[in-house]
Amino acid sequence: MKNFKLYILSGLLFIAACKPEIHTPTLSKGTANFSRFIAVGNSLTAGYSNGGLYLDGQLNSYPSIMAKQMAQVGGGAFNQPLFTTAQANGSGYLTLTGFDKSGNPITAPVTTDLAVRGEYNAPGFGTVVLYTKYTGDIENYGVPGIKLYNITTPQYGNYNGYFERLLPGDGSTTVLNTDYLDFVTAKPFTFFTDWLGNNDALSYATTGGAGDVLTDKTTFAQLYELSLQQLTASGAKGVVATIPDVTSIPYFNTVTVAAINAEVASTGLKLYVNALVSGTTYAPRLATNNDLIVLTFPTSMIGTMVTTPYGPLPYGLTPVTPVDNQYVLDANEVALTRDYVQSYNATITTQAAAKGLAVFDAYTYLNNVKLHGLEIDGISLSSAYITGGLFSLDGVHLTPRGYAIIANEFIKAINTTYNANVPLANVASYQGLKFP
Amino acid sequence: MKKLLLLVFALMPVISFAQGFQVNLEGEKQIGMGHTGTGLVQDGASVFFNPGAVAMLPQNYVQGGISPLLFKSTFNPQGTNVEDHTANKIATPFTFYAAWGPKDSFWKLGLGVYTPFGGLADWGDNWQGKYVLESLNLKAIYIQPTLSIKLADFLSVGGGFVYNRGSVDLTQAIPLTNSAGQDGQAELKGTGKGYGWNAGIYIVTEAGITVGITHRSEVNTTINNGTALFTVPSSLSAQFPQPNTFSSSIPLPATTSIGFGFYPTKQWTLALDVNMIGWDVYKVLAFNYGTVEPAGLQNTVEQRDYQDAFSFRGGAQYKTNKNLAIRFGGGYATTAVEDGFVSPEAPDANRAFVTGGLGYTFANHLDLDVSFEYEHVMSRDQTNIQTQLAGTFETNVYIPGISLAYHW
């Protein structure tokens, strides 16, 4: 009987070793070559998340996720200008600490273990925060805040602390004469992602049209052509992405005119905004649902008494005291921004096609997500603030899960254009927003 | 300014158990012959296979068997070369039968306890489909008292009442990350019950061919007051009220069978069975929670739209001498799960199986039977319309079995 048991046991062990073998698809780099892959872009490319750039976000940047997948088809090392673990919180960022009684999120800034080394006042520009220098190899050239407009500016490093951080020399004391485009193309590379251009529209939009200007369409087209020329000059292949409709992000869709009007309905008053009439002329008018209030608008200001020539009046609720321009991307500004973004995107797709580059149409993709939500592997995602799972606490940048989804969309575009089979990343293994 | 943000966590655990979960392991002699037996009189397992045939048993029977089942499934997510595997866990479908009647009388009483539906799949908490399913342990135990009556030497009928005790234990990850970076988790655990019946007719034709026709009814199994455990970040605990309960009901489908027995020589028995499994009744799966939360946990109703399934089985037994029987068989079964509804609980597809077995009779009263079944669930490339989990499932099932039958 003892032997009998042994037979059964060994039989079961044998069976346990027999897994069904699926014929998995063969991976391939197709006609692309990922031996040195560089990522060109702004904060989205850098892994910016929750209102800051920090180590955890960098480690989940979409280029780093792509590089991991490319490594399975001959991709080389992918170095990012990571913050050290001692300064892991980089620029600092927002965390969610809970919800108040009304269910509104409470956030707090992280201010410890930062990589801030100081700040200086750039003449004619303003305060530039400086970060601990990074001196190692770089494949991820994402620089938060950079516009396409800036890529040929020789002294750009003197005005952007994130770029300054990557360059030799102290930007607060010396003139840095390396422009972004030359910097990223200095060393040979075989493949690139290029997701520049967002800030050319976004910087205008997030400040309610008050803090910045939209990059001229012709200038955008000229710079885009120049950048693609330089990126493809040595035969590198690549993938570019279009610029999302700024209204597809929760930054503009979370605090709404309708919600504010509902809150103040009992007073009989309604929300007024200072809206664009034409050119640079602004005038107060009743707010409509087509006016977008920015996420950072301190809603507690509404109704507080403001001194005016007509006596004290409630903020935001009279034509004399409209919500300030910087908090509202009004209907005309929305239309203007959209018109510019569509023009930029026409430039991007046309010029990418002319160079035979792959295109990830982020504009269409994120608009679809806004309209229909997104279901992936049992995860229901949407463009909603906090609950949607895609966007981080700043309402503009993504969560690691959001970046993994973007990485997969880039990979799909690469696979299609270059007849490749780069494996997709497992979205479920990347985290969403962290809740306390 | 208060409610300016409306935060609704529309996260409903998507639970979809009961799928292709029929376990065809109801007697080692029968498993050895491709799980045929509707048209045969073999032993006490006729209580399950054909209650009509119980009265034809030449002796009384008490018997028990167990078929440790290893369900090995692999998933290849679309667009990758990754393979996710289920953990090695052994399910234990079992049978107990008794058939008794006075010597040479026209009737017999029977009792069957068996496990016609079940599932055991453990994909772990680290695979691509973890938000669909981490693990599932589903069992249905049928208890069936039976009466069988011989109307003539060539005709007998029988029927039984079925009480089902079902249990489910299911876990899945919830896509809400806590500050330590861990997922939330849902666990649904409960027992339920259902009732049904089982009837059959057994005919010995003049040509010597035996024929059985049976119907096992649908058993609608309801779980009330199951435990619904949600582990989520503490700031979201209000969205997932605890403690909580759930209720749900699943229709375990009816099976209609016809089977034939052929006896070309004294040594050989050949059998053929065709089953129609009425999965068509499984249209939706509804889950209701004891406490729901408008901005969080919601009741769910999900479409299932199963289709009727068929299985075709054949088997043979060769008696080398009075005491030793060698058996083999096989079959093919069509899937109940339509395209777009395949999910990791039991990644169903058309399946083929082969079986073999040995039987030895000790001292005329005691049968020792062993069986082995290998089942291959065909590879199926699917995108689930609800969860969008996309990829290829392929499954092998390995089932050794052993039983003892005492007869007098």
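Below are the figures for this structure:
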quantity	calculated
Mean residue ellipticity (222 nm) of chain B, computed from DSSP H runs ≥ 4 via -39,500 (n - 2.57), nearest 500	-500 deg cm²/dmol
Long pairs among A:Lys68/A:Lys147; B:Lys29/B:Lys266; B:Lys29/B:Lys319; A:Lys133/A:Lys237, criterion Cα-Cα beyond 20 Å	A:Lys68/A:Lys147; A:Lys133/A:Lys237
Per-residue ³J(HN,Hα) for region A:57-72, Karplus 6.51 cos²θ - 1.76 cosθ + 1.60, θ = phi - 60°, Hz, x for Gly and Pro	x, 4, 5, 10, 5, 4, x, 5, 5, 4, 4, 4, 6, 5, 4, 7
Projected label distance in nm at B:Asp104 and A:Thr31, using a 7 Å step from Cα toward the beta-carbon	9.0 nm
Rg/Rh ratio calculated on Cα atoms of region B:28-407 (Kirkwood radius)	1.02
Chain pair A, B: total accessible area buried, heavy atoms, 1.4 Å probe, Å²	4300 Å²
Exposure of A:Leu424 as accessible area (Å², to 10), given a probe of 1.4 Å and all protein chains	40 Å²
Mean accessible surface per residue for region B:28-407, computed with a 1.4 Å probe while every protein chain stays in place, in Å²	38 Å²
Chain A: most fluctuating residue of A:His372, A:His23, A:His397 per GNM, C-alpha cutoff 10 Å	A:His23
For B:Thr335, net neighbour charge (Lys/Arg +1, Asp/Glu -1) across residues whose Cβ lies under 12 Å away	-2
Angle between chain A longest axis and helix A:400-417 axis [Cα atoms, degrees, rounded to 10]	70 degrees
Heavy-atom surface of region A:27-164, accessible at 1.4 Å and reported per residue (Å²)	38 Å²
Net charge dipole size for region A:141-202 [Lys, Arg +1 and Asp, Glu -1 on Cβ; Debye, nearest 20]	80 debye
Relative contact order computed over chain A (Cα-Cα under 8 Å; 6+ residues apart), in percent	19 percent
Counted charge near A:Tyr418, where neighbours are those whose Cβ lies closer than 12 Å (Asp, Glu -1; Lys, Arg +1)	+3
Relative contact order of region A:257-329, defined on C-alpha pairs under 8 angstrom at six or more residues apart (%)	35 percent
Choice from A:Ala108, A:Ala46, A:Ala221 showing the highest fluctuation, given a GNM over chain A with Cα pairs closer than 10 Å	A:Ala108
Kirkwood hydrodynamic radius of chain A, Cα pairs, Å	23.6 Å
Within the protein assembly as shown: Cβ-based charge dipole about Cα centre, in debye rounded to nearest 20 (Lys, Arg +1; Asp, Glu -1)	1600 debye
Given 13 as the ceiling on other Cβ atoms within 10 Å, longest exposed-site-free region of chain B for trypsin sites (Lys or Arg not before Pro) in DSSP loops	B:104-265
Calculated from backbone phi, Karplus (6.51, -1.76, 1.60) coupling profile of region A:198-208 in Hz, x at Gly/Pro	4, 6, 5, 10, 5, 4, 5, 5, 5, 9, x
Cα-centred dipole magnitude for region B:161-282, charges only on beta-carbon of K, R (+1) and D, E (-1), debye, nearest 20	260 debye
Whole-percent carbon and sulfur share, accessible surface of the protein assembly as shown, 1.4 Å	58 percent
Charge dipole of the protein assembly as shown about the Cα centre (unit charges at C-beta), most positive-ward option of B:Ser217, A:Thr174, B:Ala180	B:Ser217
Neighbour net charge for B:Asn126 - beta-carbon separation under 12 angstrom, K R +1, D E -1	-4
Value of relative contact order over region A:322-396, rounded to a whole percent, pairs C-alpha under 8 Å and six or more apart	11 percent
Computed over region A:257-329, Kirkwood Rh from alpha-carbon pairs, angstrom	12.4 Å
A:Ser234/B:Ser249 FRET efficiency (R0 60 Å; Cβ-Cβ; nearest 0.05)	0.35
Square roots of 5 times each gyration tensor eigenvalue, C-alpha, the protein assembly as shown, largest first, Å	67, 31, 21
Most positive-pole-ward Cα, A:Asn198, A:Tyr418, A:Asn50, against dipole of chain A from beta carbon charges	A:Tyr418
Leading residue at positive end of dipole, region B:28-407 (Cβ point charges), from B:Ser237, B:Gly330, B:Asn198	B:Asn198
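The values are calculated or read from the model by the stated rules, or taken from the named source; none is laboratory data. From a predicted model like this one, the values you see are computed outputs, not experimental measurements. For neighbour counting, all protein chains shown are included, and Cβ atoms are generated from backbone atoms with ideal geometry for every residue, glycine included. Side chains are part of the model used for accessible areas, which takes the heavy atoms of the whole protein and leaves out ligands, DNA and RNA. Shrake-Rupley method; radii C 1.70, N 1.55, O 1.52, S 1.80 Å.
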